[in-house]
Amino acid sequence: QVQLVQSGGGFAQAGGSLRLSCAASGMIFSNEAVLWYRQPPGQLRELVADISSSGTTYYSDSVKGRFTISRDNAKNTVDLQMNSLKVEDTAVYYCNVNYNWQDYWGQGTQVIVSS
């Protein structure tokens, strides 16, 4: 059974840092791209960053230079290091994998950044 389990997140002050982790099971993780989305309060879910199976990364303009996505295939994990946090980074963050033409989502992790 495919599962994505998230950890990390929580509260931070503007300018601070948080780290999110997404642990996958039930799939050949190293073959899969992993994406991080976020959904700010009252807004649509948006793509934040992704990392391909080969390690190629993508970042949205809003987080470029502040967030870093990385993967550890030995541990079946993908992390999102969030630095220089802004109030507008406040959102529920989700990891996502499309595996065998089906979308799988982590349970969501709240990130709250205060000014």
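The set of residues in segment 1-58 being in a loop (DSSP other than H, G, I, E, B), closer than 16 Å to Gln107 by Cα and touching a residue at least 40 places away in the same chain (Cβ under 8 Å) consists of Val2, Gly9, Pro40, Arg45.
Please determine whether any residue of segment 14-35 is open to solvent by 60 Å² or more (accessible area, probe 1.4 Å), small (Gly, Ala, Ser) and over 14 Å from Val92 (Cβ atoms). Working first, answer last.
Taking segment 14-35 first, the residues open to solvent by 60 Å² or more (accessible area, probe 1.4 Å) are 17, 19, 28, 31.
Imposing the further condition that a residue be small (Gly, Ala, Ser) reduces the set to 17.
Next, from what is left, pick out any that are over 14 Å from Val92 (Cβ atoms): 17.
Yes.
Of these, Ser62, Ser84, which one is of a type in the set (Gly, Ala, Ser), in contact with a Gly (Cβ under 8 Å, 6 or more places away or on another chain) and modelled with pLDDT of 95 or more?
On the way: Ser62 fails: in contact with a Gly (Cβ under 8 Å, 6 or more places away or on another chain).
Within the list Ser62, Ser84, the selection yields Ser84.
I'd like the full set of residues that are farther than 14 Å from Cys22 by Cα and exposed (fewer than 13 other Cβ atoms within 10 Å of the Cβ), limited to segment 100-115.
Going residue by residue through segment 100-115, those that are farther than 14 Å from Cys22 by Cα are 100-103, 111-115.
Selection gives Asn100, Trp101, Gln102, Asp103, Ser114, Ser115.
Restricting attention to segment 55-87 and to residues that are open to solvent by less than 50 Å² (accessible area, probe 1.4 Å) and of a type in the set (Val, Ile, Thr), the residue that is farthest from Gln6 (Cα to Cα) turns out to be Val63. Note on segment 90-99: residues that are touching a Leu at 6+ places or on another chain (Cβ under 9 Å) and buried (at least 18 other Cβ atoms within 10 Å of the Cβ) amount to 5.
Applying the selection to segment 70-102, what residues are under 15 Å from the mean Cα position of the chain (by Cα) and of a type in the set (D, E, K, R)?
Within segment 70-102, Arg71, Asp72, Asp79, Asp89 meet the criteria.
The values are calculated or read from the model by the stated rules, or taken from the named source; none is laboratory data. Model, not experiment: these values are computed from the prediction. All Cβ positions, even for glycine, are placed from backbone atoms using ideal geometry, and neighbour counts span all protein chains on display. Note: accessible area is taken over every heavy atom of the protein model, side chains too, but ligands, DNA and RNA are not part of it. Shrake-Rupley method; radii C 1.70, N 1.55, O 1.52, S 1.80 Å.
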